[in-house]
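Below: one structure, written as C-alpha cells.
What follows draws every value from the coordinates through simple rules; no lab data is involved. Being a predicted model, the structure only gives us computed values, none of them experimental. Because the Cβ atoms are built from the backbone with ideal geometry, glycine has one as well, and the counts that use them run over all protein chains shown.
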Amino acid sequence: MTATQPDRKPTTDGWARPVDKLTTTATTRSVDTVTGRRVAGPVQGFGQLWQKTFAVRLEGVDTDPETVVAYWKERFPTFWPKTARFYAPLSGIQPGEVALLDLPTVGSAPVKMSTGVLVIYADRESFTFMTPEGHALSAWITFSAFRDGDVTVVQAQALERTSDPLIELGYLVGFNRENDRFWEATLANLAASLGVASPAVETRRLCVDRRRQWKYVRNVRYSPVISTTVSTVTAPVRWARRRRAGGRAPE
Amino acid sequence: MDDTRVRIDVEPSGPSETTLCLHGDIDVFADAALAEAYASATRDGATSLRLDFDDVGYINSTGIALIVRLLAEARRDRREVLAVGLSEHYREIFRITRLSDYLTIVETPAAAVSLEEAAP
C-alpha cells in the first residue's frame, strides 16, 4: 500500500488538554464507570502489546479523506455492531471529550461492560481514543483516512494491552479475536454506508511485546470483570430503588 | 509508505548510547523510518537510546503511537530511553498520554546528561 501525503499540514491544537481525572458530558443508560478515573494507555496495561490495523478501501466511491473522517465522526455510533452502544459527549468527537460505552461481554450475552474513552486527539484526517482505568484494554486507537493512489482508504489502528490478568485470560480464550471482529464489522458498516458494494476489510495483527507487565497486576482492582459482575448482581436492587422513587424501570 | 516528511539520523553518543535525531514531522509516514532507526541502533549494541526532537515540527496521534511502540520495544529489549529537545507543547502531550511514565524527558539537549555519565 502506497499512501500519499495530505496537502495540508494539520494544526497542533488537535490535542486534548491535560486533566488529572476524567469527567464527561455524555449520558448513559447504564453506569458511568469513567468519571474520576485517569487515562491508561498501552504503556500502563498488563497484557501482551498488540498493534492491530484494520483497513478498507473505498473502491468506486468518489470521496476524499477529510470528507470521510467528518462523516465518520458525525455518525460514529451508527457503524458499531448492534451489541454495543456509544454514548457521545454533548459536543461530539472533540479533543478532551469523554464518551461512555456499553460493550458486549461474551458473544451475545445480555450483560454489558460499561466503560468509556477519552478523545485524546482529533484533526481533519484522524481522531484518536485513549482508554481510562477500568476499561478492558489499555489502548490507543486511531481512526483515519488517507489516499492510496486514486482510492481513499479508511483505517482503524489500535495499540493495545489488556488492562489486567483477568482480561488477559479472556484474551487467550477468544476475546482477542472477538475484539478484531468488532472493528472489522465497524469498518465494513462504514464502507457500506459510503457506498462500497462488498467491503473487504484487511486486518493486520502484530504482537509488539509478548511480555506481561506484572508491575501493573494491581490494575485488577479496576477490572471490568469485577465491576460488571457487581453491577449485574446489584441490578435488581437499583431497579427496585428506581421503582420506589417513581423513576422509569430499565428496559 | 513514503516517509519523505521525516529523516532520522542514527549517531553513537556514548560507548553504549545511540542518539536518534529526528527531523521533520512524526506521523504515519514516519513508521518505516522509526522502525529502521531502532533496528539500526540495536544492531550497534546500544543499551540506551536518546530521542532528539529538536528538529521535529509536528507530532500527531499516529506519531505518538509510533513512539509508544518504540518505547515498548525498548522496554522489551531492556533499553533505557531519554527524550531531549521536546517543545513545551509536546512535553505536555507526553504528560497527557502518560508517556512520561516511561522515558526521561530533558528540557534541552544542552541539559541532557548522558545516561551513562549519569549512572553511578
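Just counting partner chain Cβ atoms within 10 Å, what average do the residues of peptide B:61-74 show around their Cβ?
Rounded to a whole number, the mean comes out at 6.
Using Cα-Cα distances under 8 Å and only pairs 6 or more residues apart, what relative contact order does segment A:2-209 have, in percent?
The value is 31 percent.
Across peptide B:87-98, how many C-beta atoms of other chains are within 10 Å of each residue C-beta, on average?
4
FRET efficiency for A:Ser91 and B:Arg43, Cβ-Cβ distance as r, R0 = 51 Å, nearest 0.05?
0.60
Cα to Cα, under 15 Å, and not fewer than 8 places away if on the same chain: which aspartates and glutamates meet these conditions relative to A:Lys112?
A:Asp32, A:Asp102, A:Glu178, A:Glu251
Check which residues have an amide H placed less than 5 Å from B:Ala83's amide H, if you skip close sequence neighbours.
Sorted by chain and number, the residues that satisfy this are B:Leu51, B:Thr104, B:Ile105, B:Val106.
Could you give the dipole magnitude of the protein assembly as shown about its Cα centre, charging the beta-carbon of Lys and Arg +1 and that of Asp and Glu -1, in debye to the nearest 20?
In debye, rounded to 20, the protein assembly as shown gives about 2560.
From Cα pairs below 8 angstrom and at least 6 apart in sequence, can you work out the relative contact order of segment A:135-215, rounded to a whole percent?
Reported as a whole number, the value is 21 percent.
So how far apart, in nm, are the two label points at A:Cys207 and A:Glu178 if each is 7 Å from Cα heading toward Cβ?
Using points 7 Å along Cα→Cβ, the separation is 2.0 nm.
Which whole-number percent gives the relative contact order of chain B, counting Cα pairs below 8 Å spaced six or more residues apart?
24
Angle between the Cα long axis of helix A:176-193 and the longest principal axis of chain A, 0 to 90 degrees, nearest 10?
Value to nearest ten degrees: 50.
Ignore the peptide's own chain and count Cβ atoms of other chains within 10 Å of each Cβ in A:41-54; give me the average, rounded.
Partner-chain Cβ atoms within 10 Å, mean over residues of A:41-54: 3.
So how tilted is helix A:224-244 from the main axis of chain A? Cα-based, degrees 0 to 90, rounded to 10.
60
Given only helices, namely DSSP H runs of n ≥ 4 each adding -39500 (n - 2.57), what is the per-residue ellipticity at 222 nm of the protein assembly as shown, to the nearest 500 deg cm²/dmol?
-8000 deg cm²/dmol
As I understand it, the value is the acute angle between the Cα axis of helix A:65-74 and the longest principal axis of the Cα atoms of chain A; what does it come to in degrees, rounded to 10?
20
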